[in-house]
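The values are calculated or read from the model by the stated rules, or taken from the named source; none is laboratory data. Predicted model, so just to flag it, every value in this text is computed and none were measured. Neighbour counts run over all protein chains shown; Cβ positions are idealised from the backbone, glycine included. Heavy atoms of the whole protein, side chains included, go into the accessibility calculation; ligands, DNA and RNA do not. Shrake-Rupley method; radii C 1.70, N 1.55, O 1.52, S 1.80 Å.
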There are 4 protein chains.
Amino acid sequence: MTYAQQMLDAYPAEINLDRGRLASVIDALSTCAQACTACADACLSERAEELPSLTRCIRDNLDCAEICATTGAVLSRHTGYDARLTVAQVEAAIQATRTCGDSCAEHADRHEHCRVCAQACRETENALKQLLPELQPAGATGPPSKSVPQQGR
Amino acid sequence: MTYAQQMLDAYPAEINLDRGRLASVIDALSTCAQACTACADACLSERAEELPSLTRCIRDNLDCAEICATTGAVLSRHTGYDARLTVAQVEAAIQATRTCGDSCAEHADRHEHCRVCAQACRETENALKQLLPELQPAGATGPPSKSVPQQGR
Amino acid sequence: MTYAQQMLDAYPAEINLDRGRLASVIDALSTCAQACTACADACLSERAEELPSLTRCIRDNLDCAEICATTGAVLSRHTGYDARLTVAQVEAAIQATRTCGDSCAEHADRHEHCRVCAQACRETENALKQLLPELQPAGATGPPSKSVPQQGR
Amino acid sequence: MTYAQQMLDAYPAEINLDRGRLASVIDALSTCAQACTACADACLSERAEELPSLTRCIRDNLDCAEICATTGAVLSRHTGYDARLTVAQVEAAIQATRTCGDSCAEHADRHEHCRVCAQACRETENALKQLLPELQPAGATGPPSKSVPQQGR
């Protein structure tokens, strides 16, 4: 059992989400953030003639790393849960992992670090997409537009 | 002239955005991130009987701080610009500053730090909303759905 | 094999550190950052009468979360390695995990999330302490004081 | 008056530091974090033949950006102040701004963004060095070794 799962199990109030699924998304986001940070740096250490083709990949790695880390933190907080904020940040992370996954996939056959990083991005994108429908406020029929009641108190 | 403006002026490739407006948004995001971090901590130092009413505000502060910092970093990168990713992250920041601004505004008459932080959130929300229409890919008629050509090369 | 290990194995230049040990430190830092973020939030959701005794723990959690995340990113970069910077940041992380581990340990018998988080902090502190001696520039006899040659090029 | 100063003035408990000096350090760290993020990206958009000479600078920029942001957050929290943790993180930031300032200074005559970023790093390094002696626990004669009493409660 990962620490993310243990911490969710120890949360002292309600969480209106499947804790097992949530833990696996949080773990995927941590992993993806680190892989993207490492991939940006590995790109920088490639041979000089490779560098110009990798600048976009490096930029996407940096965005994805930071967005995944932030999204993991948002999903780790349950006090005063606001579905609108969480949904918006998860949608940004889905886009970031897709963009970065696409960039890394373009270089996957030349650079092993891009291949591994693309895989981390795809897994995280899929995990986020499975979580997204659960994040809607109960009974909502349209896009999330109202804060749900604060859970932690 | 702020450092953000100087750095934009020194960027060696094109940026398809008004650099003055962009600099002011980046500066607002930095300021808001710091104000939210400080407001969460100031809430923690309030008297014991105030704390239970401030837990939601602290949580919103923490989310908003992290989301503003990440959004400021995304807007500070122009190499390989992807409108979809930028738009999604800016939308998350608009929601985060709105949510946190609302939370802080509820406590503005009791806690000066919440009043100041709410003001920082409102200013940042407004700056982001003015920037948002500029972020769409040129000629787009619907929601952003395709990567625009990489700018930096 | 974790993604951190796979990314280290795919790094295209030399790393003057044991890659297995480094991967386990990076993984511990990611885990600890998430546990601390979650513990701060779990503290906020405790009953009103518990909150005043937890404010220091929340603050230490927030510092430790951010310092661990930053240290993990620094240790994930190997291009242009500078031993002085890495050592200084690792020392800050050792202090942060010790401070936060102590704070959480004080509440471990009352709050399961503090018990779990204290354990994550102790494991990370120990992992960092084992790594620290390896980070010194080769042949250094005093405190790290010179940049080592850039590795990535 | 900056928001950092306003937030310090609104802090509801004691701070054993000059609030004006502290606000200027926090503002410098925010500014430096953004400048370093922007400089890394500007380097990536330089012409292909320049890139190989800039990889170390990019790496130092990324470390410095993240370390400055984290240090600014630590200095924005006063509840349960721990001098040892704060000193260790400030020392890491002094090293990061020195390392990154040196890297950028090497390219200052070729790249305006490196010149501006080097200046931001130097100003921040100097501000941190002036703050450092104030962070020692009162009456301490050696290196900081004990937690000072919690201030916020």
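Structure data summary
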quantity: Candidate residues A:134, C:125, D:112: accessible-area rank, largest first, probe 1.4 Å; calculated: D:112, A:134, C:125
quantity: Two-site label geometry, residue B:102 and residue D:16: point separation in nm, points 7 Å out along Cα→Cβ; calculated: 4.1 nm
quantity: Interface burial for A against B (accessible surface, 1.4 Å probe, total of both chains, Å², rounded to 100); calculated: 2800 Å²
quantity: Per residue, in Å², the accessible surface of chain D once ligands and nucleic acids are set aside, probe 1.4 Å; calculated: 34 Å²
quantity: Tilt relative to chain B, helix B:51-75 - C-alpha long axis, 0 to 90 degrees, to 10; calculated: 20 degrees
quantity: Principal-axis tilt of helix D:19-44 within chain D, Cα atoms, nearest 10 degrees; calculated: 20 degrees
quantity: Structure-based [θ]222 nm, chain C - -39500 (n - 2.57) summed over DSSP H runs of at least 4, per residue, nearest 500; calculated: -24000 deg cm²/dmol
quantity: Whole-angstrom Cα spans of the protein assembly as shown along principal axes, big to small; calculated: 64, 63, 49
quantity: Check: chain A dipole with +1 on Lys, Arg Cβ and -1 on Asp, Glu Cβ, in debye; calculated: 500 debye
quantity: For region D:17-136, with +1 on Lys and Arg beta carbons and -1 on Asp and Glu, the positive-most of D:127, D:22, D:37 along the dipole; calculated: D:22
quantity: Per residue convex hull volume, Cα atoms of region B:30-84, in Å³; calculated: 61 Å³
quantity: Fraction of accessible area attributable to carbon and sulfur, the protein assembly as shown (%, probe 1.4 Å); calculated: 49 percent
quantity: Relative contact order %, chain D, counting alpha carbon pairs below 8 Å whose residues are six or more apart; calculated: 30 percent
quantity: Fraction of alpha-carbon pairs over 25 Å apart in region D:1-143 - percent; calculated: 32 percent
